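Okay, structure first, notes after.
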Amino acid sequence: MKLSFPNPSRCFDASHRRVCFWGYDRTIEISFFVGMDALKRLCPDMSDAESGFLQAFDAVRNRIQEVADKVYTRDGRDSCAYTLAAEDF
């Protein structure tokens, strides 16, 4: 079963310079974070302002969600929060 992403919300975490979004494994909410390095790899011309992070995320949301589904493990031993790095893309 793949993760689902029914909630299109995302937010900017200024203290860590990353975007947070959520996926669901049935009823379990999984937090994902995409940092500036990963977003810059996907959208090299993005602005370093909050709006730039969010616009870059929105532009490549499907790709980010595909990668999130690949890095998520369902065996119960891992965290319910994952950080997607540039190397994941």
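The values are calculated or read from the model by the stated rules, or taken from the named source; none is laboratory data. No experiment lies behind these values; they were computed from the predicted model shown. Here the Cβ positions follow ideal geometry from the backbone for every residue, glycine too, while neighbour counts run over all protein chains shown.
Scan region 18-30 for residues that are at pLDDT below 95 and touching a Gly at 6+ places or on another chain (Cβ under 9 Å) and the total you get is 2.
Yes/no matrix, rows are residues, columns are (1) in contact (Cβ under 8 Å) with a residue 12 or more places away in the chain; (2) within 21 Å of Glu87 (Cα to Cα); (3) within 12 Å of the chain's Cα centre (by Cα); (4) not in a strand (DSSP E or B):
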site	(1), (2), (3), (4)
Lys2	yes, no, no, yes
Asn7	yes, no, no, yes
Val34	yes, yes, yes, no
Gln65	yes, yes, yes, yes
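Filter region 38-82 down to residues that are of a type in the set (Ser, Thr, Tyr) and crowded, with 16+ Cβ neighbours inside 10 Å and give me whichever is modelled with the highest pLDDT.
My answer is Tyr82.
Screening the candidates Ser51, Ser47, Ser15 for the property of being free of Cβ contacts under 8 Å to residues at least 12 places away in the same chain and touching a helix residue (DSSP H, G or I) at 6+ places or on another chain (Cβ under 9 Å) yields one hit, Ser47.
Looking only at residues of region 9-32 that are of a type in the set (Val, Ile, Thr) and assigned to a strand (DSSP E or B), we find that the one that is nearest to Leu84 (Cα to Cα) is Val19.
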